[in-house]
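Bear in mind that the values in this text are calculations on the coordinates, not laboratory data. Every value quoted in this text rests on a predicted model; they were computed, and no experiment measured them. Virtual Cβ from ideal backbone geometry, glycine too; neighbours counted across all protein chains shown.
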Amino acid sequence: MLNLDSKVPEGPIADKWTNYKFDRKLVNPANRRRYEVIVVGTGLAGGAAAATLAEQGYKVKAFTFHDSPRRAHSIAAQGGINAAKNYKDDGDSVWRLFYDTVKGGDFRSREANVYRLAQESVNIIDQCTAQGVPFAREYGGLLDNRSFGGAQVSRTFYARGQTGQQLLLGVYQQLSREVGLGNVELYNRMELVDIVVVDGECAGIVVRDLQTGEVSSHSAHATVLATGGYSNAFFLSTNAMACNATAIWRAHRRGAAFANPCYTQIHPTCIPQSEPFQSKLTLMSESLRNDGRIWVPKNPDETRSPDQIPEDERDYYLERRYPSFGNLAPRDIASRAAKVEVDSGHGVGEKKNGVYLDFGEAISRLGVDVIEERYGNLFEMYDRITDENPYKVPMRIYPAPHYTMGGLWVDYELMTTIPGLYCTGEANFSDHGANRLGASALMQGLSDGYFVLPNTISNFLAPRLGTTPVPTDHEAFRAVEREAADRFKRYTSIGGTRSPDAFHMELGRIVWDYCGMERTKQGLEKALSEIPALYEEFKKDLRVTGGDTNVNQTLEKAGRVEDFFELAQLMCLDALQRNESCGGHFRAEHQTEEGEAERDDENYAYVAAWEWTGDAQQAELNKEVLEFENVHLAVRSYK
Amino acid sequence: MTTINITLQVWRQDGPDASGAFDTIPVADVNDEMSFLEMLDLVNEQLINEGKEAIVFDHDCREGICGTCSLMINGQAHGPQTGTATCQLHMRTFDDGDTIVVEPWRATAFPIIKDLMVDRGTFDRIVEAGGFITAETGGAPDANLTPIPKPVADAAMDAAACIGCGACVAACPNGAAQLFTAAKVAHLNLLPQGQAERYKRVEAMVDTMEEYFGSCTNHAECQEACPKSISIDFIALMNKDYLKSKFKNRRLLSRG
């Protein structure tokens, strides 16, 4: 059994973080250069941590598998970032953001972590503004806000439809400054292929140089994984093509508990799937739901174009079912509602696989100019992809895998169950429970990277003053290097008939069908028998052309797909044991008469932290019981 | 939806020092709803099935925002559609029977790594030299302390929209990086927060740029190729600040 001590500090929730920061051990500024820290991933969580640790004086090595830190997938976030600034004076507060986030997560997150996130949210906006992030402003020059799902206040800061891009460029600039000053050693086009544990502590990492195929080791006093989520287990998702679970999965295999893998978020507003050749799905920002109204025709056999369908023959189903939140119902709820409409034959478009997101009313109320100002780039993107003009015809949207709330288990200090190994951002499980609210991913990434990790890491480092990292010629590093090199050699030598992509696509279909928006015991059991069978085929019939001594993207893909095979089984196993519906995890057996998720707080108010046993289907379940001292567990209602 | 048949002429080059050549690949039954990169996925699948090595190309988000994708398509950076990155270019732009020439970015400052993949590390060097505002984590004042007029914030955002793809350099007959550099300089130099380092920044960035890239002679090809339609007006702004920097940074005047 694992020791799942969450290390939540004592005291009232509002004081925990302050108390922690006072009680933790510190490293004297002059001693910090005697410590080395590895940060893997240069998105919001990783880049911010690397830059901040370097500013504080630590020696940092940052790794990215991209050509530049600026490519990390944080860049694709569109809508915004939440912060409890209460600039609109509409009743927002740290407490309300905390409450909304815990409720939005369907009461499956750790209270103390979420409260800290809400506290730090205000500092993020200050920090980013000081760096020159061009947030949207009012004419008077003050910052503007918009609304997002799951909140009744306006607390989302944004930079057009490119908030993630601007925040990431802020991080990238800050990181670049440290690289230029020589405080961060940056390794690009390097992919983590394993981590190394010596005497029960993380000693460092093994990476593969994507340009030469060379496998090498790096050691440090502490290692941070900030490598993002695993939505690409579904094959089709809104994640970038290269997003993968390898770093966290390899850490899991070395002893880091994997928490709540079944908590995956299906984002309600994406462009519907079109053809089998499709390589990825495209998100349309949730911010569109500020002004767009979602509807389907009442008549399932409707054939008229949307503008010909009169008002009384339209079903604005979100406004009907959830009058107080309306089109801004949280993501899990909006997604499921769309599925209900499409499954009952009300879908729109040629394939009847979408619902309308209509700006007609907003355009006549506000004018085209205002809508263009708010969403211009999103409308353009939609037009480019679908060849339809959303100023004239409603968008067609449908849910798609987008974000994963699950990830490596971490304690209050963001340390995994392997001492010395930290995990930040989407890669960890910590703050969003079973469902993440819109505009909260950017908040968590930056909170972890700028404010949490740089404060907690000293508690681990301080007692290690004067020690040197395990040398990379240590036998443990050599053994892991050999293992990794052999693995990549194996892919090229199987000589089968099918590409990694072909396997990935088939795996993704199984995961989507049985562990997607709706799960059943029967379906999950089916997936748990189909995935290993396909995995066996992968091991025998994989074809990777080209060699292992220069760039080979087919080979890179093979490694990532293999890890998805194991992770997908854990996702299903987790979904199977969780006999309740909560947030993004909807078990068809557990729903109310109205089709809403039915939680079981008595039996399932815990974090499921899985332990690797050597066999993906025999993972061992550990439980961290969630205690709610500040928020009253209630049925989550957005009606 | 219709399907078209095309012929690709793709640059293949095994490594930075290998000599490259065009490979002619006929591609049948291309669905015109495909994006250009999905078409390349299809070709790669086809190549792997034939036991051949897949074409290496940089790509990631496929939403036009990460700036990873590149490609000269029929001699144009990111292909024929204005304001569009390769990943958002669709095959409906092409006709049945077309021959499409696909090359990597062509610029000395972007050496080829393999096939269509190039090394754009020189862009990072420019940013490392000064493309930031020094604001270490922790000390920031309240974000609303400094009001920024909306037109200023908007102009900074127009410049900040740059995705760092390198199309401007690839499209420039001189292989100059003025548009990329100017976009970052303008983003930061327009904002009140960026004033403290304004002249130091522009000087350091321009000087670093000139170590690697060609010189600007106002062809304006960069603006045409830019997938974010960033205006060359920003280059004028950068030049103005650069000139001023030579007077303002008096400490450095004696360098000659």
Open item on the list: Loop only by DSSP, 12 or fewer other Cβ within 10 Å of the Cβ. Give me the chymotrypsin sites (Phe, Trp or Tyr not before Pro) in the range A:81-168 that pass, ordered by residue number.
Closed with: A:Y139
Open item on the list: From the helices alone, meaning DSSP H stretches of at least four residues, give me the mean residue ellipticity at 222 nm for chain A, per-run term -39500 (n - 2.57), in deg cm²/dmol to the nearest 500.
Closed with: -11500 deg cm²/dmol
- [ ] Over chain B, calculate the relative contact order: mean separation of alpha carbon pairs under 8 Å at least 6 apart, over the residue count, as a percent.
- [x] 19
Task: For residues of A:176-182, the mean tally of beta carbons on other chains within 10 Å - done: 5
Task: Cα shape, the range A:62-158, gyration tensor, a/c 1.5 rule - done: oblate
- [ ] Name the residue farthest towards the positive end of the dipole of the protein assembly as shown from the options B:W105, A:I294, B:I148, assuming +1 on Cβ of Lys and Arg, -1 on Cβ of Asp and Glu, about the Cα centre.
- [x] B:I148
TODO: For A:E373 and A:E138, calculate 0.36 nm times their separation in residues minus their Cα-Cα distance, and state this gained length in nm to one decimal.
DONE: 83.3 nm
Task: Qualifying trypsin sites (Lys or Arg not before Pro) for the range A:69-114 [loop in DSSP, other Cβ within 10 Å: at most 16] - done: A:K88
TODO: Would you work out which of A:N113, A:S147, A:Y187 lies farthest towards the positive end of the dipole of the range A:104-232, given +1 charges on the beta-carbon of Lys and Arg and -1 on that of Asp and Glu, about the Cα centre?
DONE: A:S147
- [ ] Quickly work out the A:D89-to-A:V198 label distance, labels modelled 7 Å from Cα along the C-beta direction, and quote it in nm with one decimal.
- [x] 6.0
Task: Dipole-positive endmost among A:L507, A:Q618, A:V60 within the protein assembly as shown (Cβ charges, Cα centre) - done: A:V60
Task: Partner chain coverage, peptide A:210-221 - average Cβ within 10 angstrom - done: 1
Open item on the list: Using the crude model of +1 on Lys and Arg Cβ and -1 on Asp and Glu Cβ, and no other charge, please compute the dipole size for the range A:475-600 relative to its Cα centre, in debye to 20.
Closed with: 700
TODO: Evaluate E = 1/(1 + (r/R0)^6) for A:N28 and B:T134, where r is the Cβ-Cβ distance and R0 equals 22 Å; express this FRET efficiency to the nearest 0.05.
DONE: 0.40
Task: Nearest-0.05 FRET efficiency for A:N389 and B:S229, computed from C-beta distance (R0 22 Å) - done: 0.75
TODO: Treat each spin label as a single point 7 Å out from the Cα along the C-beta direction, and report the A:D343 to B:A196 distance in nm.
DONE: 5.6
Open item on the list: Can you give me the distance in nm between label points at A:L181 and A:N603, each placed 7 Å from the Cα along the Cα-to-Cβ direction?
Closed with: 5.5
Open item on the list: Please give the charge dipole size of chain B, origin at the Cα centre, charges +1 on K and R Cβ atoms and -1 on D and E Cβ atoms. Round to the nearest 20 debye.
Closed with: 1800
Task: Candidate lysines for bridging to A:K489, where Cα separation is under 19 Å - those fewer than 8 sequence places away on the same chain excluded - done: A:K539, A:K540, A:K557, B:K52
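Given the convex hull of the Cα atoms of chain B, what is a quarter of its surface area in nm²?
Computing the convex hull of the Cα atoms and averaging its projections yields 16.9 nm².
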Task: Cα convex hull of chain A - mean projected area over all directions, nm² - done: 27.2
- [ ] Take peptides A:194-206, A:544-556, A:10-22 and line them up by average Cβ neighbours within 10 Å, highest first, as a rough protection proxy.
- [x] A:194-206, A:544-556, A:10-22
TODO: Using the Cα centre as the reference, give the magnitude of the dipole from point charges on the C-beta atoms of the protein assembly as shown (Lys, Arg: +1; Asp, Glu: -1; all else neutral), rounded to the nearest 20 debye.
DONE: 2560
